[in-house]
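The values are calculated or read from the model by the stated rules, or taken from the named source; none is laboratory data. Predicted model, so just to flag it, every value in this text is computed and none were measured. Neighbour counts are summed over all protein chains in view; Cβ atoms, including those assigned to glycine, are modelled from backbone coordinates with ideal geometry. Side chains are part of the model used for accessible areas, which takes the heavy atoms of the whole protein and leaves out ligands, DNA and RNA. Shrake-Rupley method; radii C 1.70, N 1.55, O 1.52, S 1.80 Å.
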Amino acid sequence: MTALLQHPGYDEERLKGVAEKLPCREVQAEMLLSLMGQPHQYSYPSILIYGHRASGKSHVMHVLMKELELPHATVSCVECVSIALLFEQVLLSFFGCDAPSLLPRSPSLSDFVRVYRQQCSQSPAKQTRYIVMEKAELLRDTDASLLSALLRLQELVGDNVTVILLSEIAWDKFRPNTGCFEPLLLHFPDYSKSELQQILSQNVHSSYSAGFYSAYINILLGVFYSVCRDLRELRHLAALNFSKFCEPLAEGKVKETDTHKLWKHIEPHLKKAMQTVYLREVSSLQWEQMQQMEEKEAGALRGLSAHTHVELPYYSKFLLIAAYLASYNPARTDKRFFLKHHGKIRKTNFLKKNEKTSNHLLGPKPFPLDRLLAIFYSVVDSRVAPTASIFSQISSLVTLQLLAQVSHDDQLDAPKYKCAVSLDFICAISRTVNFDIVKYLYDFL
């Protein structure tokens, strides 16, 4: 049930419309309205809203500004590649198209403050103006004085203006070393499973009942919630797999209430899609076409998890292969596989009691960075210098969730990783570089 927002400075009907568009974020919206105060009053100079990706920060701000008709300028720090673009966008939003032309060719912060004061004297604020900075953590890479100035912009320009920073990192990692004005902090927590269920269930398909779509979302979250809690990614997965879920219903084989049969039909499809969460290797249309080809040509390995056109750099593929070998081979077998003059060693000679079970059934094991690089230099077919490019590609594999870092972030001397891809996936990667990975796996001796 939608909670009612209450604030003395705004009309109840508008607040009701805001609450309907912000499911599961009513508490944060009401707290934010309390910090912003009434429209004609001076607000606090700066507010930092932080939380993980897809936790509703930008959506809440967009709805509040639009529904309550507040004067605002929304600035994306990704798009504003220079401070000149940032200044121009703020002046354009508040004072019209003539104001940015008053700035010099390469404006400084003092030029922006001067032009803002001039325009403000001609059209003073009747209510609080808001500057919403999305992806504000990128401000750390700009001039050190810019962030400090934005936090106290209200004092510099002498206007009723509030800067709202939206960031994915906490203020402790954001604060400049030189010191600055401290903003008010507001945390947006991750959505819980029940909240994700409530939000995703609102996108019900017009051809089916709300209860049927809610049951589908419940099944989807049961599979993906442990590995993905990103609302945007889950919404994409829900739209991508719903047609497959409805196939037995469209063919008349089951009824909407036969949840168990529908689950049995969609389960292998969802598990296959789970191996490519966040990757977006193909478009939704290509994914559906691949599934149709898979049904027509049964037995061929055409699943997305083993598709051969994953776009990875050449050496990243060998790094991923080395990571898989390090995760699924015991460390003491490296000499057997990667040294030319290791002598003949029989598998039975060093088989221990606790190694009777396949390593692939036990799952991937963590390995240090130096072992990964040692295997990488052994399997790659050319001499590669240990440059920064190699280490940056390891970080990219972690970002793509093909590798998982299991050590703490501050453990810089010997970080540990685990390989997070399946055997089918790594076999497909190996084929693209003509590497027979099965010959190097201890389980397949």
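Things worth noting here:
- Most mobile listed residue (LEU184, LEU240, LEU48) in the chain, GNM with C-alpha springs under 10 Å: LEU184
- Net charge dipole size for the chain [Lys, Arg +1 and Asp, Glu -1 on Cβ; Debye, nearest 20]: 2240
- In this structure, the pairs whose alpha-carbon distance is over 23 Å, taken from LYS57/LYS244; LYS244/LYS317; LYS57/LYS173; LYS21/LYS264, are LYS57/LYS244; LYS244/LYS317; LYS21/LYS264.
- Sites listed here are trypsin sites (Lys or Arg not before Pro) in segment 15-123 whose DSSP assignment is loop and whose Cβ has at most 15 other Cβ atoms within 10 Å: ARG53, ARG105.
- Scalar couplings 3J(HN,Hα) for segment 30-35, obtained by applying the Karplus form with A = 6.51, B = -1.76, C = 1.60 to θ = phi - 60°, are 5, 4, 5, 5, 5, 5 Hz; x denotes Gly and Pro.
- Radius ratio Rg over Rh of segment 85-144, counting only Cα atoms, Kirkwood formula for Rh: 0.97
- Take the Cα of THR178, step 7 Å toward its Cβ, do the same at SER396, and the gap between the two points is 3.4 nm.
- Sparse packing (at most 14 other Cβ atoms within 10 Å of the Cβ) combined with a DSSP loop state is found for none of the chymotrypsin sites (Phe, Trp or Tyr not before Pro) in segment 82-157.
- Placing SER46, SER214, SER378 in order of accessible area, with the largest value first and a 1.4 Å probe, yields SER378, SER214, SER46.
- Semi-axes of the equivalent ellipsoid for segment 123-261, Cα gyration tensor, largest first, Å: 47, 17, 11
- Cα-only Debye scattering, segment 1-70: base-10 log of I(q)/I(0) at q = 0.20, 0.27 Å⁻¹: -0.83, -1.46
- At a probe radius of 1.4 angstrom, the accessible area of the chain per residue rounds to 53 square angstrom.
- Beta bridge orientation in the chain: antiparallel %, DSSP, nearest 5: 20
- Over the chain, equivalent-ellipsoid semi-axes from the Cα gyration tensor in Å: 49, 32, 18
- Report summary: the helix-based calculation at 222 nm, which adds -39500 (n - 2.57) for every DSSP H run with n ≥ 4 and divides by the residues of the chain, gives -13500 deg cm²/dmol.
- Working from label points 7 Å from Cα in the Cα-to-Cβ sense, the ALA250 to SER207 distance is 0.5 nm.
- For segment 157-200, the calculated P(r), taken from all Cα-Cα distances in 10 Å bins from zero up to the bin holding the longest distance, is 18, 37, 27, 14, 4 percent.
- Positive dipole terminus of the chain, leading residue within GLN41, GLN401, VAL163 (C-beta point charges): GLN401
- Among the protein heavy atoms of the chain, carbon and sulfur supply 52% of the accessible surface, probe 1.4 Å, non-protein parts ignored.
- Dipole magnitude of segment 6-118, debye to nearest 20 (Cβ charges: Lys/Arg +1, Asp/Glu -1, about Cα centre): 340
- Here the alpha carbons of segment 1-124 define both size measures, Rg and Dmax, at 16.8, 53 Å.
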